[in-house]
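The values are calculated or read from the model by the stated rules, or taken from the named source; none is laboratory data. It should be emphasised that the depicted structure is a prediction, and the values quoted were computed from it without experimental measurement. Cβ placement follows ideal geometry from the backbone for every residue including glycine, while neighbour counts extend to all protein chains displayed.
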Ligand SMILES: Cc1cc2nc3c(=O)[nH]c(=O)nc-3n(C[C@H](O)[C@H](O)[C@H](O)COP(=O)(O)O)c2cc1C
């Protein structure tokens, strides 16, 4: 299969995709989410200037290991020529596709014309995308929002058509305006409207928090796939839960206590191996709180974990809690006899 057929085949599976998230969607988290059902992943956005200068961070962000596929590399910038040039650099890492970020609302990015800044001038977004498409041999996709805000008639529908015309192979719509940032409800209906005017896959994104949201988003919009961001940080099992519901029509059991502890340990070990102990433990913390949510004694365990710096101490706390749970269960069983 050529890369275009490969991408089309991926979208034909009604994929549940891990969203690009800065400082979150790194190689470790991509592997972990794939292991619990994510069909494919998009890297955190990579600055084109960093990439073109050969900066170490940018180079690390575009590295794709043999077991880290399918992965799409996302780039961002405000200059079409630099974006096109950087896309050729990203292409050397052999990702599944190159995605252009046209959705980041953060003032220091959008205010400088990158990310959602492109939505202020849809015509220039389209000609930029055309330049990128023409420079690379891999499929090019775009992730954007419904509009900049506060338009009453969102540009996304016309944009979808025009991006398809210049050769963009898929479009992800975060169903908020740039001005909304992460607040207010995502309006999936704009993804439906965009999907209805194009034949390329459209992915619906924003506020997909459980398997049933994924099913509703696909049923209500007719879109090709869904993308999950924030919910995955605390509950990566959403991928397995959504896939089970979408593929088999049944609800999947929530993760067990043991599975939750195992995932904490796995994530910690992988981050420590990737980044060293101090940094590895620190970056895993934001996930552990969510992984342990709702379990008896989790609040105390979380409080202890956030002040723990070493891998060994984290493992001890987690294993201790597993043991306490097993002992409590044995006592319950004995009491019931
Ligand atoms: C911490 C964080 C970092 C993000 N970084 C990126 C990014 O690098 N590129 C991008 O396109 N979107 C980024 N986003 C936006 C998400 O990809 C997604 O569009 C948004 O969170 C809405 O989806 P959700 O409701 O499932 O979280 C980021 C979001 C968060 C919370």
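Restricting attention to segment 168-190 and to residues that are closer than 11 Å to residue 144 by Cα and within 12 Å of the ligand (Cβ to nearest atom), the residue that is surrounded by the most Cβ atoms within 10 Å (Cβ to Cβ) turns out to be 173. The residues listed here are 155, 150; of these, the one that is exposed (fewer than 14 other Cβ atoms within 10 Å of the Cβ) and either in contact with a strand residue (DSSP E or B) (Cβ under 8 Å, 6 or more places away or on another chain) or in contact (Cβ under 8 Å) with a residue 40 or more places away in the chain (or both) is 150. As a summary of the residue check, residue 132 satisfies the conditions (1) outside any helix (DSSP H, G or I); (2) in contact with a strand residue (DSSP E or B) (Cβ under 9 Å, 6 or more places away or on another chain) except for the one numbered (1).
Here is the figure for segment 18-32: residues that are near the ligand (Cβ under 6 Å from one of its atoms) and in contact (Cβ under 8 Å) with a residue 24 or more places away in the chain total 4.
Taken as a whole, the condition of being under 19 Å from the mean Cα position of the chain (by Cα), closer than 22 Å to residue 205 by Cα and crowded, with 24+ Cβ neighbours inside 10 Å does not apply to residue 106.
Of the helices (runs of 4 or more DSSP H) entirely within segment 277-337, those holding at least 2 residues that are modelled with pLDDT of 95 or more and out of contact with any strand residue (DSSP E or B) (no Cβ under 9 Å at 6 or more places or on another chain) occupy 277-291, 311-336. Of the residues making up segment 33-74, those that are without any contact (Cβ under 8 Å) to a residue 24 or more places away in the chain and within 16 Å of the ligand (Cβ to nearest atom) are 50, 57, 58, 60. A search for C-beta distances below 8 Å between a residue of segment 81-100 that is on the phi > 0 side of the Ramachandran plot and any residue that is away from the ligand (no atom under 15 Å from the Cβ) and outside any strand (DSSP E or B), counting only pairs 6+ apart in sequence or on different chains, returns 94/64.
The set of residues from segment 88-116 being touching a strand residue (DSSP E or B) at 6+ places or on another chain (Cβ under 6 Å), near the ligand (Cβ under 9 Å from one of its atoms) and not in a helix (DSSP H, G or I) comprises 99, 101, 102, 103.
For residue 136, the conditions (1) within 29 Å of residue 242 (Cβ to Cβ); (2) touching a residue at least 12 places away in the same chain (Cβ under 8 Å) all hold with the exception of (1).
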